[in-house]
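The values are calculated or read from the model by the stated rules, or taken from the named source; none is laboratory data. Since this is a predicted model, take the numbers as computed values, not measurements. In this analysis, Cβ positions are derived from the backbone assuming ideal geometry, glycine residues included, and neighbour counts consider all displayed protein chains. All accessible areas refer to the heavy atoms of the entire protein, side chains included, with ligands and DNA or RNA removed. Shrake-Rupley method; radii C 1.70, N 1.55, O 1.52, S 1.80 Å.
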Amino acid sequence: YAMEAAIKFKGDVKGEISILISEALAENMVRNFLGLAEGQMTRDDIEDCVKEVVNMVCGNFLGRLDHTKVFDLSMPSFSRSPRKPVADDNSCVLYFDSDGESFGAVLRVAN
């Protein structure tokens, strides 16, 4: 993975969702989201897109967890030095392949 975006949430349940993504997949998402050609996108476009993806994933997850509850969300963070995902009793790690590129999702909940 070339980058990671994460968002923390708190409410009845508290934790963090992060996504891990390859550079090529992030660039493909920017092209699809913004309609930009390869030479038109900036590093900021890629960062903003990846942060928006983690925001959408978190919102979708929490809405399905309990749509009657209110959760407070942090601003999404972004790093080009992703953490190594670790599955334990308080987390779940999922790996996906999209057109030969890598995508990972990590859900961590607090005790």
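Measure nothing but the geometry: give the 0 to 90° angle between the long axis through the Cα atoms of 23-34 and the longest principal axis through the Cα atoms of the chain, rounded to 10°.
That helix lies at roughly 90 degrees to the long axis.
Enter the accessible area per residue of the chain (Å², integer; probe 1.4 Å; all protein chains in place).
Counting only protein heavy atoms, the per-residue value for the chain is 61 Å².
Counting Lys and Arg as +1 and Asp and Glu as -1, each charge on the Cβ, what is the dipole of the chain about the Cα centre in debye, to the nearest 20?
I would put it at about 420 debye.
What is the projected area of the convex hull of the Cα atoms of the range 44-103, averaged over all directions, in nm²?
Answer in nm², one decimal: 5.7.
Considering all alpha-carbon pairs of the chain, what whole percent are spaced by more than 19 angstrom?
45
Calculate what fraction, in whole %, of the accessible area of the chain sits on carbon and sulfur atoms when a 1.4 Å probe is rolled over the protein chains.
Within the chain, the accessible surface is 50 percent carbon and sulfur.
Counting pairs of alpha carbon atoms under 8 Å apart in space and at least six apart in sequence, what relative contact order in percent does the chain give?
Contact order relative to length: 41 percent.
Quick query: amide H of Met3 versus all other amide H atoms, modeled in the peptide plane; which residues come in under 5 Å with a sequence gap of 5 or more or a different chain?
Distant-sequence amide H within range of Met3: Ile21.
Per DSSP H run of at least 4 residues, take -39500 (n - 2.57); add these up for the chain, divide by its residues and hand me the 222 nm value, nearest 500 deg cm²/dmol.
-10500 deg cm²/dmol
Towards the positive end of the charge dipole of the chain, with charges on Cβ (+1 Lys, Arg; -1 Asp, Glu), say which of Leu36, Cys49, Leu62 has the farthest Cα.
Farthest along the dipole direction, towards plus: Leu62.
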